[in-house]
Amino acid sequence: MNRRHFLTGLGSGLALTALPLSGVAADALMIASPALRKPIPSSGERIPVIGMGSWITFNVGDDAAARAQRAEVLRAFFADGGGMIDSSPMYGSAEAVIGDGLARLGHPSELFAATKVWTSSGDDGPDEIARSQALWGVERFHLLQVHNLLAWEAHLATLQAMKADGRVRYVGVTTSHGRRHAELEQIMRTQPIDFVQATYNIVDREVEQRILPLAAERGIAFIANRPFRRGALIERVGQRPLPPWAADFGCRDWPGFLLKFIVSHPAVTCAIPATSRVDHMHENMRAMRGGMPDAATRERMAAQFAAL
Amino acid sequence: MGEWGSYDLSDLLMFSADSYVRLFERANRLWPLALLLGVALVIGLWRRPAGASPSLRWVLASAWLTVAISFHHRLYAQINLAGEAFALLFAVEAALLVLLRSSARPAHATPLAATLPGWLLITYALLLHPFFWFAVGRPWQAAELFAIAPDTTALVTLGWLLLRPMTWQWLALPIPLIWCIVSALTHVAMREPLGILVPLLALLALGARLVIAAWQRR
Ligand SMILES: NC(=O)c1ccc[n+]([C@@H]2O[C@H](COP(=O)([O-])OP(=O)(O)OC[C@H]3O[C@@H](n4cnc5c(N)ncnc54)[C@H](OP(=O)(O)O)[C@@H]3O)[C@@H](O)[C@H]2O)c1
């Protein structure tokens, strides 16, 4: 019996007793509760709703000490039920550092490898993808996305051909910071893509207007980037206590509050917070367990956050 | 253009402040070389007045080339897409320092008082700047040493050029100045606003040098 199975048994036992729980028991219960997974509409494959970004946090070059530490961050990610890792050739050494970490962990089977193609020339796309594959040490990516819509027509053609050959499972496009949403919408309407990635968090909610409803309508999975607005949202809360009602949906900290807000949106498939720290990783991964807020509570969360 | 307007300076930063500091910790493995070049620099400055010793050009050029290779190319380029461009910039400066000699004719000699800003800048760069960032809690292993760290090397070089007469040699001035500004922008993006002191000191020294020299010639 491994630790998670033991705790599952413990959790179901504890759940029957309505006694107040100590912090340790609450932790155990949280770990024991199942992680939320959502389906990728185009295939029905279910993936964990918290993934991992790698912008800045995994760009540490060949610094041996930093690489060993990032491998521990990855270990925590998979131990807590993680799946999707998102990167890009634009992120400096991040892909190499991810590949190094995956090799140290013996290439966990739970990995859902997502990277991007980021070059202004369509002809350079295949070579860049091959380089990324070598850096990650994977035979094929689960998801390839056109980064920031750069040369998207040419790259989407390459990616669709790769998908038809079984050399990638899903294709998508990305943007961030609310940029070029009109063009994104156009692509979502006209191209047979599986994924779309854009910025969505408790403050940056523009995608709720058109992009998220369109993703739901067209059966496109949605990845939320910048869930903490590059950490600024967590800084904004400072030392303020969480509202007590956050406990109703299993929320114990602000990162969890922010992430649950995002992934509880029905059209969001997953969020990809980035972190360089093991403790932060555990905190973030907890967000996919222990219940989710409903639509009314989500509005209350946003109002609460706006009033900070 | 509209799209670029939606970027903050910090959005363009692709590494963390911690990773930046680690560059110095790792680059400082070359400290014996830095010490050697530092001692050669001090001896060169000591031996002839107003930094006229011809060996100084070579010492400074070696320092720029070392930073180009061991810092920018070997380390910084791994975490910054602009790293190789910085390496090239530093190599060009090394070449300029070697190629641009000054005909130290007495008519052109820098008036003594006008060398003060240069001396002050060199003293600051060699003795204080390496430890400047300790104030914000950086580890001592990350001291920014001459011939290893780009900021310190740029400040020393600017200080030396300010000792020199205003001849063709001053064409070696723009690259260190540009670097000081790049460094300040990087630090501001890392939310270390104290970084603006580097170009500020450089520009103040340059301004003081020009004003004193002009005033003395009247
Ligand atoms: N156009 C695109 O395709 C695009 C654009 C932007 C982002 N993305 C993707 O989306 C990912 C996420 O966005 P992002 O990295 O910009 O920002 P983010 O995930 O919103 O924030 C990351 C920051 O939050 C901090 N953090 C994470 N967990 C924390 C916790 N539990 N407590 C306190 N602080 C915490 C991290 O610092 P620590 O390291 O100290 O934990 C880091 O500084 C990126 O990494 C990237 O993969 C894609």
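Here are some notes:
- Solvent-accessible area per residue in the range B:108-206 equals 39 Å², computed with a 1.4 angstrom probe and all protein chains kept.
- The Cα atoms of the range B:1-101 give a gyration tensor whose axes a ≥ b ≥ c have a/c of 1.5 or more with a/b greater than b/c, which makes the shape prolate.
- Once the Cβ-Cβ distance of A:Q239 and A:R218 is raised to the sixth power relative to R0 = 45 Å, the FRET efficiency obtained is 0.60.
- Total formal charge among the other residues, if their Cβ is under 15 angstrom from that of B:L171, Lys/Arg +1 and Asp/Glu -1: +2
- The range B:47-66 versus the range A:40-116: alpha-carbon centroid distance in Å: 47 Å
- Summed residue charge, Cβ within 14 Å of A:S264's Cβ, Lys/Arg positive, Asp/Glu negative: +3
- 1.4 Å probe, heavy atoms, protein only - residues of the range B:63-101 losing at least 30 Å² accessible area vs chain alone: B:Q78, B:I79, B:L81
- GNM flexibility winner over chain A from A:V196, A:V60, A:V268 (Cα, springs under 10 Å): A:V60
- In chain A, helical runs assigned H by DSSP with n ≥ 4 each contribute -39500 (n - 2.57); averaged across all residues and rounded to the nearest 500, the mean residue ellipticity at 222 nm is -13000 deg cm²/dmol.
- For residues of A:48-57, the mean tally of beta carbons on other chains within 10 Å: 1
- Volume per residue of the convex hull around the Cα atoms, evaluated for the range A:67-143, comes out as 76 Å³.
- When a 1.4 Å probe is rolled over the protein heavy atoms, the share of accessible surface on chain B that falls to carbon and sulfur comes to 73 percent.
- Virtual spin-label span in nm between B:L36 and B:A85, 7 Å along Cα→Cβ: 3.3 nm
- Peptides A:282-293, B:36-47 ranked from most to least packed, by the mean per-residue count of other Cβ atoms within 10 Å: A:282-293, B:36-47.
- Local net charge near B:E144, Cβ-Cβ under 12 Å (Lys/Arg +1, Asp/Glu -1): -1
- Between B:L145, B:L162, B:L75, the GNM of chain B built on Cα springs shorter than 10 angstrom shows B:L75 fluctuating the most.
- Dipole magnitude of chain A, debye to nearest 20 (Cβ charges: Lys/Arg +1, Asp/Glu -1, about Cα centre): 660 debye
- Percent of beta bridges antiparallel (DSSP, chain A, rounded to nearest 5): 10 percent
- Calculation over all alpha carbon pairs of the protein assembly as shown in 10 angstrom steps from 0 returns a P(r) of 4, 17, 23, 20, 15, 11, 7, 2, 0, 0 percent.
- Here the calculated FRET efficiency for B:I43 and B:A95, from their Cβ-Cβ distance with R0 = 30 Å, stands at 0.80, rounded to the nearest 0.05.
- Once you reduce the range A:227-294 and the range B:114-173 to the center of their Cα atoms, the two points are 46 Å from each other.
- Residues of the range B:170-199 with amide N under 16 Å of the 7 Å Cα→Cβ point at B:L12: B:178-192, B:196
- Based on Cα contacts under 8 Å between residues 6+ apart, the range A:36-306 shows a relative contact order of 21 percent.
- Across B:A143, B:A85, B:A68, mean-square fluctuation computed from a Gaussian network of chain B (C-alpha pairs under 10 Å connected) peaks at B:A85.
- Positive-end residue, the protein assembly as shown charge dipole about Cα centroid, Cβ charges, pick of A:A296, A:A306, B:Q169: B:Q169
- For the range A:184-275, accessible area per residue (1.4 Å probe, heavy atoms of protein chains only), Å²: 37 Å²
- Threshold 10 Å², the range B:17-53 residues less accessible with all protein chains present than alone (1.4 Å probe): B:S19, B:R22, B:R26
- Cα gyration tensor category, rounded, prolate or oblate, for the range B:14-217 with a/c compared to 1.5: prolate
- To put it simply, the accessible area of the range A:32-140 at a 1.4 Å probe is 51 percent carbon and sulfur.
- Contact surface B-A: accessible area buried, both sides summed, square angstrom, 1.4 angstrom probe: 1500 Å²
- Cα pair distances exceeding 29 angstrom across the range A:36-306, given as percent: 28 percent
The values are calculated or read from the model by the stated rules, or taken from the named source; none is laboratory data. Not measured: the values here are computed from a predicted model. Here Cβ is always computed from backbone atoms with ideal geometry, including for glycine, and neighbour counts include all displayed protein chains. With ligands, DNA and RNA removed, areas are computed over all heavy atoms of the protein, side chains included. Shrake-Rupley method; radii C 1.70, N 1.55, O 1.52, S 1.80 Å.
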